[in-house]
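The values are calculated or read from the model by the stated rules, or taken from the named source; none is laboratory data. This is a predicted model, so every value here is computed, not measured. Virtual Cβ from ideal backbone geometry, glycine too; neighbours counted across all protein chains shown. Note: areas computed on protein heavy atoms with side chains; ligands, DNA, RNA excluded. Shrake-Rupley method; radii C 1.70, N 1.55, O 1.52, S 1.80 Å.
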Amino acid sequence: MTMAGTAMRGNEGTIRAMGPTPALRRGACPTLAAPMQTGDGLLARLRPASGSFTADAFLALLDAAETFGTGRLDITARGNLQIRGLRTASVAPLSTAVHRAGIVPCEGIAVEMPPLAGLDPSEVADPRPLARKLAERIAGSGLDLAPKLAVIVDGGGRLHLDGVAADIKLVAGATDSTLLWHLLVAGKQTGVCGTEDEMIEAAMSVVADIAAYGSAARARDLPVEHLPPGSSLLAYREVSLSPVGRFDLGASVVLGIAPAFGQMAAHVVRPLILAAVAEGVSAVRLAPGRAFLLVGPAGWNTSAIVSLAASLGFVVHAGDPALRIDACAGQVGCASGRIDTHAVASHLIAHAPALMDGSLDLHVSGCAKGCARPRVADLTLVAMSCDGQPGLGIVLGGRAGDRPVATKRLEDGASAITALGQRVAETVEKGESAAACLQRLGPARIAAAFSAARFNGIDHAGL
Ligand code: SF4
C-alpha cells in the first residue's frame, strides 16, 4: 500500500463480519436476532451473507414473513430487506425458518458490494473475495464498532456504489492493466491504493483508528491528521444506473424491479417470483434504491415478467416518478402513522408533476420519526397536527421532525399539494429545474402557496 503518485504497482450485495450480536442498542441496526420495535410490531432487517437468495429461499422467506409477521416487507434505500409486524414470540420461529431455508443472515458490520457483483462483465474486478476477507478480519478483530459503520468494496460495473455513503470504501481501478484498490474514508478519496492484501491492512488500520474514538465513532469523527493524505488516482466513472430495468450481462440476464415506495406484501410478490422461476430465474438479489433483482438465464425474454410486475403494482421503468419519493409504511402498515403516505405520494405524482422533474429529493412521512429517510430531503410532507386537528406539514431542506414552513388540516392536504405544484408550474422558467424554482421562490412564498389552498370538494382517498 502506498500513496498516490508513488503508488506501489500498484454475491453480490453484502458480506457481513460475523460477530456476536449484542442486544439492540441505541443507533443499532435491527437484525433477525435483535429486531426493533416499530408502530406495527417488531421489525427485523435481514440480508443474506452471500448477498443473494436462491429463488426457493426467497419464496420460503415470503412464507415466513406471512406466518410470523404481517407479511409486509420493505426494501431499504441501501438494499436491506425488512420483515415487519413480528411479535416477540414469533422472532425465534422466524429465525428457525430462515435458517431452514438455507439463508445465512448477516450480523455485525456490513461489507457491502454492488448488487451485480460477480455477474457484470463491465466491473473492474469481482469484489466478493476481498469483501469476504475484509468481513472476516473485521469480525475477528474484536473491536467494538458503531453498528452502523458502513464498509463498501466496490468492483465497479453498471450498478457501482459511488452514490452510496460509507465510512470506508475500497474501489477497484485499473491502471495499465494492473488492478489497484483505492481507499476512500468518510467519502473522501485518499492517496492510498494497492493490492487486495495491502488494502485489507489499510482498511483495518482505519477501522482500528475509528474504534479508538469509541464504540459510537464513525469515520467522520476522525481528526484530519488521522486521514491518509493525498488524492486518489481513481478515474472518473459514469453515474451508476438505476437498478430498475433489464441488464443483459452475457451469461445471465438480470431484471430489476422495485416495489412502490420500497414496500410490498408477500402475497403480491409471491406470484411474480413463481412466474419468474418458471422462466428460469434462479436467484434474487437486493439493490440499493429499494429494488430487487431477478437473476435469469442468458437470453431471457423478460417482457412477460415485466408486464406481470406492472400489473401487480411494481415499478418496472427507471424513469418512474415513484422512485424519486421516499415514503414510509404510513397508517396502512404502522400504528404510529397518521396519514396514508402512499396516497399522499401518489397524489404528489399525479397532481404536482412540476415537482417531479427529478431535481428534488422528496419524502413523505407518517410521523415525525421519518423512518423512510433519516437524512435531509429537499421537501418533506409529514403528518402533524394543525390547529389541534390531524394535519400535513411541509418541511424544506430538513428531516421529518424539523420545523415545518407551513401546515394544513388533513382535509386540505391534497389541495395544498396540488396548489404548490401549480405554483411551481406557473413560476418555473425555461430550462429551470423544480429545485432551482423552489430555491428562488423561498420558504415564505412556498408556505403561502401551500397554506392558501382550501378543500376543493374532491375526495382524495387517504389524505
Ligand atoms: S415514520 Fe412512518 S414507519 Fe416510521 S414510525 Fe412514523 S409512521 Fe411508522
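Filtering region 404-428 to residues that are within 16 Å of the ligand (Cβ to nearest atom) and open to solvent by less than 10 Å² (accessible area, probe 1.4 Å) leaves only Gly413.
Give me the residue from region 386-403 that is farther than 13 Å from Ser365 by Cα and away from the ligand (no atom under 14 Å from the Cβ) and, out of that set, most open to solvent (accessible area, probe 1.4 Å). Step by step, filter region 386-403, then rank; the result is Arg403. I'd like to know if region 365-375 contains one or more residues that are away from the ligand (no atom under 15 Å from the Cβ) and of a type in the set (S, T, N, Q). Checked region 365-375: no residue is away from the ligand (no atom under 15 Å from the Cβ) and of a type in the set (S, T, N, Q). Residue-level check: of (1) loosely packed, with under 15 Cβ neighbours inside 10 Å; (2) in contact with a helix residue (DSSP H, G or I) (Cβ under 7 Å, 6 or more places away or on another chain), Leu272 misses just (1). Residues considered: Ala97, Ala110, Ala146, Ala131. Of these, the only one that is touching a strand residue (DSSP E or B) at 6+ places or on another chain (Cβ under 8 Å) and either farther than 15 Å from Gly51 by Cα or open to solvent by less than 10 Å² (accessible area, probe 1.4 Å) (or both) is Ala131. Taking every residue in region 327-342 that is near the ligand (Cβ under 7 Å from one of its atoms) and pairing it with any residue that is in a helix (DSSP H, G or I) and open to solvent by 30 Å² or more (accessible area, probe 1.4 Å), at least 6 positions away or on another chain, the pairs with Cβ-Cβ distances below 6 Å are Gly337/Gln331. The single condition among (1) closer than 21 Å to Ala265 by Cβ; (2) open to solvent by 50 Å² or more (accessible area, probe 1.4 Å); (3) away from the ligand (no atom under 16 Å from the Cβ) that Val316 does not satisfy is (2). Could you go through region 199-215 and let me know if any residue there is open to solvent by less than 40 Å² (accessible area, probe 1.4 Å) and out of contact with any helix residue (DSSP H, G or I) (no Cβ under 9 Å at 6 or more places or on another chain). The answer is yes, given that some residue of region 199-215 is open to solvent by less than 40 Å² (accessible area, probe 1.4 Å) and out of contact with any helix residue (DSSP H, G or I) (no Cβ under 9 Å at 6 or more places or on another chain).
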